[in-house]
Amino acid sequence: MNLLAAFPGKRYIVLKIKDSKVRQQANCLGMGEGEDVFCVARRERGPVILGRGGQLVAVGGEVARGIQIAPLRAKRK
């Protein structure tokens, strides 16, 4: 699923970022592929507001469409 399908209040893992420039920016913010992010808010066609480590980032709809995510599974004890 892509980032536009994220639900506020849920955690996700970033699987793939199609655009190389967006991938580089996300890596610099600690929100690159393989990282877990928190969906703070979203609108139907964007933007999506993500959080990680106390930092918030707004991702526009067109960019969000190119970011693949999956729900983050809770770790078992």
>> Could you list, ordered by first residue, the pairs with Cβ atoms under 7 Å in which the first is in region 4-29 and under 17 Å from VAL40 (Cα atoms) and touching a residue at least 12 places away in the same chain (Cβ under 8 Å) and the second is surrounded by fewer than 13 Cβ atoms within 10 Å (Cβ to Cβ) and among the aliphatic types (A, V, I, L, M), at least 6 apart or interchain?
In response: TYR12/ALA70; ILE13/ALA70
> Can you tell me which residues in region 48-71 are within 14 Å of ALA5 (Cβ to Cβ) and either out of contact with any Phe, Trp or Tyr (no Cβ under 9 Å at 6 or more places or on another chain) or hydrophobic (A, V, I, L, M, F, W, C) (or both)?
Replying inline: VAL48, LEU50, VAL59, GLY61, ALA64, ARG65, GLY66, ILE67, GLN68, ILE69, ALA70
> Looking at region 2-77, what strands (runs of 3 or more DSSP E) fall wholly within it and have at least 1 residues that are hydroxyl-bearing (Ser, Thr, Tyr) and surrounded by 16 or more Cβ atoms within 10 Å (Cβ to Cβ)?
Replying inline: 11-17
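No lab work stands behind these numbers, since they all come straight from the coordinates. Predicted model only: the values in this text are computed from it and were never measured. Methodologically, a virtual Cβ is constructed for each residue, glycine included, from the backbone with ideal geometry; neighbour enumeration extends over all protein chains shown.
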